[in-house]
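Visitor: Starting off with a structure, shown below.
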Amino acid sequence: MAALITLFRRTAGGTGVGLSVPGLRRRARLGLAEAPWLPTALGMALLLVVYGSWQVFRWTPSGDQRLTGDAFFYPVGLVAAWMAWRASQRSRGSRRLQAAWRFLALAASVYLLGDIAQTVYEATGKSEYPSWADPCYLAFYPLTLAGVLCFPAARRSRVERVRMALDMAVVAIGGSALVGYVLLGPIIAAAGGSPVLQTVVSIAYPVGDVILFLGLATLLRQSIPSAKGALRLLTVGLLFFVAGDLVCGYMTLHGSYQGGDPVDTLWIVAVACLAVAAAAQAPLEAAAQVAPNRNIDRVAWLPYGAVAAAFVVLLISERSEAVFPVITLTLGALALTLVVAARQFLAQHDLVGAQDELRHQAMHDTLTGLPNRALVLDRAEQVLARARRQHSPVAALYVDVDGFKHVNDTLGHAAGDTLLETVAARLSSVMRASDTVGRLSGDEFICLLDSPDLDASPELVAARILEVLRVPIDLHDPGKQPLTITASIGIARGERDEADDLLRDADIALYQAKEAGRDCYRVFESSMHTVAHDRATLEMDLNDALEKGQFFLLYQPTLDLELELMTGVEALLRWRHPTRGLLLPDLFIPIAERNGTIVPIGRWVLDEACAQAAAWHGRGHELGMAVNVSARQLESDTFVEEARAALDRSGLEPSALTLEITETTLMRDPDSATRRLAALKTLGVRLAIDDFGAGYSSLAYLRQFPVDAIKIDRSFVSGLTGAAGSAALIHTLVQLGRTLGLQTLGEGIEQPVQLETLQREQCDLGQGFLFARPLTVEAIHKSLEHDRDRRAGMPHAQATAPGRPLAAQASQGERPQREGD
């Protein structure tokens, strides 16, 4: 036995506290580094094998059977108490977890004292029941329960703690009735009655087990990760305790139990499980101290099961006045009824609280806590009703964060959530207590101004909102700079028939603010209804226009300014609307950009333009083809493959295709644009920056983009006819292109003086009305034939004035317009 105790002391060092480096190495060689509880488990298993062999073979003298059986409990109890104490030492980072293991260490100690007291009684030949060992055994239950309840779990409210105590009381009363009447009552009645103390003690053991099991089951899914395994092992041990207590109680009442009986195996296994559970308690880390999430999946059915069992027993069991007087039945039923009533009162309290919480969640935004659309509409109805009664002013401000999608795409959704929470807080800080701030969806907020006398006009409130939202936002991320945002605001004021009308008009005004360049506000006017209706109708028609074949392309010639010969064309989209006639891109492209139809439309344009360029090449006209690329197309992950597919289907040489991207599009996300442009360059196509100079790119980014040409914005070219200094700007832009090795193209050439200036600055290419309007395919054919004659040797002096032969070929049905439309 001394050798076994020594072995257990050595295995105690395997729990990870104070273990030497050689010990760690030995554990690693044995493969036990990941399971520090395994040595303890092996030691317990070895002892149980020895104990089982003794139970089978009984190699000790018959008179020493009880004493020998009791002696096996001593090393198991010692190891259990010691391991629980060591577990408390490893749990110093959590006061609750440390207290839990100290209670369990004390519980194992008093149980060991009970074993010693039982051995003393048996050694002296006494057979009293209950004996002085029973108080020690019974103390094991409250101490173990205290330890279990000390395990860290989700923070409980006072109501939850009271409900748990009531659950235990219900289980105790119902379990006592079940055990007393079903198990012990018939035995006591058959034996002619038993002392009250003996009956109480016999009932106390199984009832204590049931209460302890309830506590364990409640906490099993709530404890911190490092205690999960320990609680599971404690639960297994408790199951063995329950079995042992029930069997022992039955045998004791029949007078057949004595120390060393096989039933003792159940208890020794239970104590061994406690020892292994303590060894399985991992050292507490910082991450393990985080309070777990509350899990409502608990064994809530157990108290109700106990109530049902108790009342069934009270109703159908045979009454024995000698065993349980009628008064005990009455008091038991009354106590059970009161406890269940108290528990149901708390359950109703929880139900009401849950309903309030659900009602709040149904009417409020989960991220910002602001009223959601449903509550905003309800309050707007109330505001409008009050305004109609009192003739008081009312206004709605529709606030939309500019570029929120870009923030989500580039900085991540966590940054987007932080931005929305900050916007919500700043809007609330601007509004008064009588006003309503709500979040409708995404980055859209609404502010309802409600007061009998608005001390500030809605315009002033909108200006204040724009001001506070421009303040940089700290994203609470060391790797990210503060974020500066702007917003657009639509204002609707005055009475409306319904709340939806008020919000609709504010939304229409918001759209006008977006169209005006954002970072501003607009007040709703009645004329906006017509514009909004036309826009909505146009958007509906746009969804089917591609399938119905209503789109077609015109081609804007591009000329070599030195030779004044056509070298390429730019594909320009037109919409032949069934009722509105010919529509230019500035009417429908912004709508297509917003609703996403620009992606399939752009794919069709690319296919058509490549096919037409390949057809011209087949007829011997080596024309370059330029196609505009929208921001939505460039951001699409499939665009590179779509461009490749268009080239493959048409058979066009990639070098003959130029993709034009506006400077503003490139600067939305320069790093992503650089990667996407590099992927396009691998196809062999040419890249050009459209509207160059009108954006805000830096020279550093311009050098970073793998582009081949820049198209000088028409505003600089048109300025050559009037504004002083425009010629100097053209000179700077052309020289910048030459320095970077880029081809330059001047847009919007309409006057001879503009052409002469660009030729003098040695700009490479040009477009404009001076040469031609956007042309049909047939008109391009005639112009190509004209250029072929000139290349065949016509003297330059005899040639027609620059651009006039092209200008004479106007496209059918095309009214005067700027190139690039």
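The values are calculated or read from the model by the stated rules, or taken from the named source; none is laboratory data. Just so you know, these numbers come straight off a predicted model, no measurement behind them. We place every Cβ from the backbone using ideal geometry, glycine too, and count neighbours over all the protein chains shown. Quick note on the areas: whole protein, heavy atoms, side chains included, nothing else; ligands and nucleic acids left out. Shrake-Rupley method; radii C 1.70, N 1.55, O 1.52, S 1.80 Å.
So that you can scan it fast, the table gives a plain yes or no per residue for (1) among the small types (Gly, Ala, Ser); (2) surrounded by fewer than 15 Cβ atoms within 10 Å (Cβ to Cβ); (3) modelled with pLDDT of 80 or more:
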position: Arg9; (1), (2), (3): no, yes, no
position: Val21; (1), (2), (3): no, yes, no
position: Gly31; (1), (2), (3): yes, yes, no
position: Pro39; (1), (2), (3): no, no, yes
position: Gln65; (1), (2), (3): no, no, no
position: Phe73; (1), (2), (3): no, no, yes
position: Gly114; (1), (2), (3): yes, no, yes
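Visitor: Name the residue that is farthest from Ile712 (Cα to Cα), counting only residues in segment 556-565 that are open to solvent by 10 Å² or more (accessible area, probe 1.4 Å) and either assigned to a strand (DSSP E or B) or at pLDDT 95 or above (or both). It would help to see each step written out before you state the result.
Guide: Applying the first criterion (open to solvent by 10 Å² or more (accessible area, probe 1.4 Å)) to segment 556-565 yields 558, 560, 562-565.
Pick out the ones that are also either assigned to a strand (DSSP E or B) or at pLDDT 95 or above (or both) and you get 558, 560, 565.
Details: Thr558: 13, Asp560: 15, Leu565: 19 Å.
Residue satisfying both the conditions and the ranking: Leu565.
Visitor: Given the structure, is Leu572 touching a residue at least 12 places away in the same chain (Cβ under 8 Å), aliphatic (A, V, I, L, M), buried (at least 17 other Cβ atoms within 10 Å of the Cβ) and in contact with a helix residue (DSSP H, G or I) (Cβ under 7 Å, 6 or more places away or on another chain)?
Guide: Numbers: touching a residue at least 12 places away in the same chain (Cβ under 8 Å): yes; aliphatic (A, V, I, L, M): yes; buried (at least 17 other Cβ atoms within 10 Å of the Cβ): yes; in contact with a helix residue (DSSP H, G or I) (Cβ under 7 Å, 6 or more places away or on another chain): no.
Judged against the criteria, Leu572 is not a match.
Visitor: Here is a further query. When the residues of segment 217-253 are filtered to those that are open to solvent by less than 30 Å² (accessible area, probe 1.4 Å), within 17 Å of Cys150 (Cβ to Cβ) and not small (Gly, Ala, Ser), which remaining residue is modelled with the lowest pLDDT?
Guide: Top of the filtered list is Gln222.
A quick yes/no check of all residues on (1) part of a helix (DSSP H, G or I); (2) among the polar types (S, T, N, Q):
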{"site": "Arg359", "(1), (2)": "yes, no"}
{"site": "Arg379", "(1), (2)": "yes, no"}
{"site": "Val383", "(1), (2)": "yes, no"}
{"site": "Ser392", "(1), (2)": "no, yes"}
{"site": "Val399", "(1), (2)": "no, no"}
{"site": "Arg426", "(1), (2)": "yes, no"}
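Visitor: Within segment 671-699, can you find the residues that are open to solvent by 20 Å² or more (accessible area, probe 1.4 Å), at pLDDT below 85 and not charged (D, E, K, R)? Let's see the steps before the verdict.
Guide: Initially, segment 671-699 is screened for residues open to solvent by 20 Å² or more (accessible area, probe 1.4 Å), giving 671-672, 674-676, 678-679, 681-684, 686, 691, 693-699.
Right, trim to at pLDDT below 85 and you get 671-672, 691, 693-699.
Result: Ser672, Gly693, Ala694, Gly695, Tyr696, Ser697, Ser698, Leu699.
Visitor: Going by what's in this entry, would Val423 be described as open to solvent by 40 Å² or more (accessible area, probe 1.4 Å) and not aromatic (Phe, Trp, Tyr)?
Guide: Numbers: open to solvent by 40 Å² or more (accessible area, probe 1.4 Å): no; not aromatic (Phe, Trp, Tyr): yes.
In short, no.
Visitor: May I ask you to say which residue of Ala506, Ala463, Ala492, Ala513 is open to solvent by less than 60 Å² (accessible area, probe 1.4 Å) and under 20 Å from Ala425 (Cβ atoms)? Please lay out each step first, then the result.
Guide: Values: Ala506 fails: under 20 Å from Ala425 (Cβ atoms); Ala492 fails: under 20 Å from Ala425 (Cβ atoms); Ala513 fails: under 20 Å from Ala425 (Cβ atoms).
When all the criteria are applied, what remains is Ala463.
Visitor: Filter segment 575-590 for residues that are surrounded by fewer than 16 Cβ atoms within 10 Å (Cβ to Cβ) and either polar (S, T, N, Q) or closer than 17 Å to Arg632 by Cα (or both) and give the result.
Guide: Thr579, Asp586, Pro590
Visitor: Can you report the number of residues in segment 254-275 which are open to solvent by 50 Å² or more (accessible area, probe 1.4 Å), closer than 22 Å to Val49 by Cα and at pLDDT below 75?
Guide: Residues that pass the stated criteria total 1.
Visitor: Looking for whichever is within 21 Å of the chain's Cα centre (by Cα) and of a type outside the set (S, T, N, Q) here; the options are Leu449, Leu440. Which one fits? Before the answer, list the steps.
Guide: Numbers: Leu449 fails: within 21 Å of the chain's Cα centre (by Cα).
The match here is Leu440.
Visitor: Right, next: Which members of segment 514-538 meet the condition of being over 13 Å from Asp400 (Cβ atoms), in a helix (DSSP H, G or I) and charged (D, E, K, R)?
Guide: Within segment 514-538, Asp534, Arg535 meet the criteria.
Visitor: Would segment 407-415 turn up any residue that is in contact with a His (Cβ under 7 Å, 6 or more places away or on another chain), closer than 18 Å to Ala487 by Cα and either of a type in the set (Gly, Ala, Ser) or assigned to a helix (DSSP H, G or I) (or both)? Don't jump to the end; show me each part of the working.
Guide: First, the residues of segment 407-415 that are in contact with a His (Cβ under 7 Å, 6 or more places away or on another chain): none.
No, there is no match, as no residue in segment 407-415 is in contact with a His (Cβ under 7 Å, 6 or more places away or on another chain), closer than 18 Å to Ala487 by Cα and either of a type in the set (Gly, Ala, Ser) or assigned to a helix (DSSP H, G or I) (or both).
Visitor: Checking Gly490 against (1) in a helix (DSSP H, G or I); (2) within 30 Å of Ile601 (Cβ to Cβ), which test does it fail?
Guide: Failing condition for Gly490: (1).
Visitor: Kindly evaluate Val437 against the criterion of being buried (at least 18 other Cβ atoms within 10 Å of the Cβ), of a type in the set (Val, Ile, Thr) and at pLDDT below 85.
Guide: Numbers: buried (at least 18 other Cβ atoms within 10 Å of the Cβ): yes; of a type in the set (Val, Ile, Thr): yes; at pLDDT below 85: no.
Against the criterion (buried (at least 18 other Cβ atoms within 10 Å of the Cβ), of a type in the set (Val, Ile, Thr) and at pLDDT below 85), Val437 does not qualify.
Visitor: If you go through segment 734-790 one residue at a time, how many are surrounded by 24 or more Cβ atoms within 10 Å (Cβ to Cβ) and acidic (Asp, Glu)?
Guide: Total meeting the criteria: 1.
Visitor: Okay, next question. If I ask for residues that are open to solvent by 60 Å² or more (accessible area, probe 1.4 Å) and under 53 Å from the mean Cα position of the chain (by Cα), which ones from segment 706-730 would you list?
Guide: Answer for segment 706-730, where residues must be open to solvent by 60 Å² or more (accessible area, probe 1.4 Å) and under 53 Å from the mean Cα position of the chain (by Cα): Ser715, Leu729.
Visitor: Scanning for something touching a strand residue (DSSP E or B) at 6+ places or on another chain (Cβ under 8 Å), touching a residue at least 24 places away in the same chain (Cβ under 8 Å) and over 22 Å from Val376 (Cα atoms), does segment 493-512 turn up at least one residue?
Guide: no
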